[in-house]
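These notes are about the structure you will find just below.
The values are calculated or read from the model by the stated rules, or taken from the named source; none is laboratory data. None of these values were measured; they are calculated from a predicted model. Ideal geometry is used to build each Cβ from the backbone, glycine not excepted, and the neighbour counts take in all protein chains shown.
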Amino acid sequence: MTSEPTTNAPRLVTQPSDRKPWLAAVLPLVFGYYGLLYSSTIASFIAFLLYLALTFVLRDLLTVYSLLSRIVFAFLGYYLVSRRVELFKGTVLDKVEAYSWQKAVLSAALIFAVSYFFVTSVATVSRYNGSSMLPTIRNGEAFSVLILPALRGEMRRDTIVRIANIGGKGFLIRRVVALEGDTVEMKKGLVYVNGNAADDVRRIGKLRAARCIDESSAISNLASLGFDNRKEAQKVTVPKGQVFLLADNRADNFEDSRIFGPLPLSKITGVVHPSSSSAAASLKHEDCIPPQP
């Protein structure tokens, strides 16, 4: 007498299911990977991890990617419920797959907690709002932020960083132009570090062509020692453990170290990696001027 070989691969089951295929498709369309919890707990977790990873790869297509992923999740949910597919049947994960609303709520809470921890403590993708970092980052453009100190690497000149907004809520994105011990000067909107021009030639050329450098204003010709003593000077030496930050766009008095002075490294909340598409895009004068309230 022979017996058939067993397998742990996903298989179809014949018992009736009280889950509705149409609802299994609608929930992912509305709630994304959370909606897959109705169909499969394991599939929902896998979808969450894939979505999180691909967000950093496809950040330039974030809106399209988000929509397409929901459609894919909807088809997957519909298939799993309509065909009554049991994933991981006969394995230790079988109990995890057994559906109940209590388990779905706990799984959703766990996914949310992992997601929240990741985007607040490890890395995240954000959209930029403003014009202060033109032409490097444009208004509405997506960029990634490495938050975990171990991922940031050594702080160098020309690194783009995220800091808490000195004068209000949210964050500021600025470029590190000088490190501790460096001497900083501002001349006609350009920065000089230790006596040498420190701005990227191509970036400044694009700003000049679009008339996005204010050469005559006082702030374009002075560095600052910060809010504490309000002392302005032609030259500033960056104190130990601090950096000097500037906005890339020099068309206006954007808030940076010309106003609040050198900033302690502890105030940096992440290292920014912008999209490469902005560097090739054209720049107009009106793009550089912030909208008036």
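Can you confirm whether the stretch 139-162 contains a residue that is touching a helix residue (DSSP H, G or I) at 6+ places or on another chain (Cβ under 8 Å), buried (at least 17 other Cβ atoms within 10 Å of the Cβ), more than 15 Å from residue 271 (Cα to Cα) and at pLDDT below 95? Yes: the stretch 139-162 contains one or more residues that are touching a helix residue (DSSP H, G or I) at 6+ places or on another chain (Cβ under 8 Å), buried (at least 17 other Cβ atoms within 10 Å of the Cβ), more than 15 Å from residue 271 (Cα to Cα) and at pLDDT below 95. Determine, yes or no, whether residue 249 is surrounded by 15 or more Cβ atoms within 10 Å (Cβ to Cβ), under 26 Å from the mean Cα position of the chain (by Cα), modelled with pLDDT under 80 and of a type outside the set (D, E, K, R). So residue 249 does not fit the description; no. Listed conditions (1) under 28 Å from residue 277 (Cβ atoms); (2) buried (at least 19 other Cβ atoms within 10 Å of the Cβ); (3) modelled with pLDDT of 90 or more are all met by residue 184, apart from (1). Taking only pairs six or more apart or across chains, which ones have beta-carbon atoms under 7 Å, a first residue in the stretch 261-275 that is outside the structural domain of residue 141 (by TED's automatic domain parsing) and on the phi < 0 side of the Ramachandran plot, and a second residue that is surrounded by 19 or more Cβ atoms within 10 Å (Cβ to Cβ) and at pLDDT below 95? Pairs that qualify, where the first residue is outside the structural domain of residue 141 (by TED's automatic domain parsing) and on the phi < 0 side of the Ramachandran plot and the partner is surrounded by 19 or more Cβ atoms within 10 Å (Cβ to Cβ) and at pLDDT below 95: there are none.
Okay, residues lined up against (1) out of contact with any Phe, Trp or Tyr (no Cβ under 9 Å at 6 or more places or on another chain); (2) within 14 Å of residue 273 (Cα to Cα); (3) assigned to a strand (DSSP E or B):
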position: 145; (1), (2), (3): no, yes, yes
position: 151; (1), (2), (3): yes, yes, no
position: 157; (1), (2), (3): yes, no, no
position: 161; (1), (2), (3): yes, yes, yes
position: 166; (1), (2), (3): no, no, no
position: 169; (1), (2), (3): yes, no, no
position: 173; (1), (2), (3): no, yes, yes
position: 177; (1), (2), (3): no, no, yes
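Please indicate, with yes or no, whether at least one residue in the stretch 78-91 is in a helix (DSSP H, G or I), hydrophobic (A, V, I, L, M, F, W, C) and either at pLDDT 85 or above or surrounded by 13 or more Cβ atoms within 10 Å (Cβ to Cβ) (or both). Within the stretch 78-91 (the criterion being in a helix (DSSP H, G or I), hydrophobic (A, V, I, L, M, F, W, C) and either at pLDDT 85 or above or surrounded by 13 or more Cβ atoms within 10 Å (Cβ to Cβ) (or both)), the answer is yes, since at least one residue qualifies.
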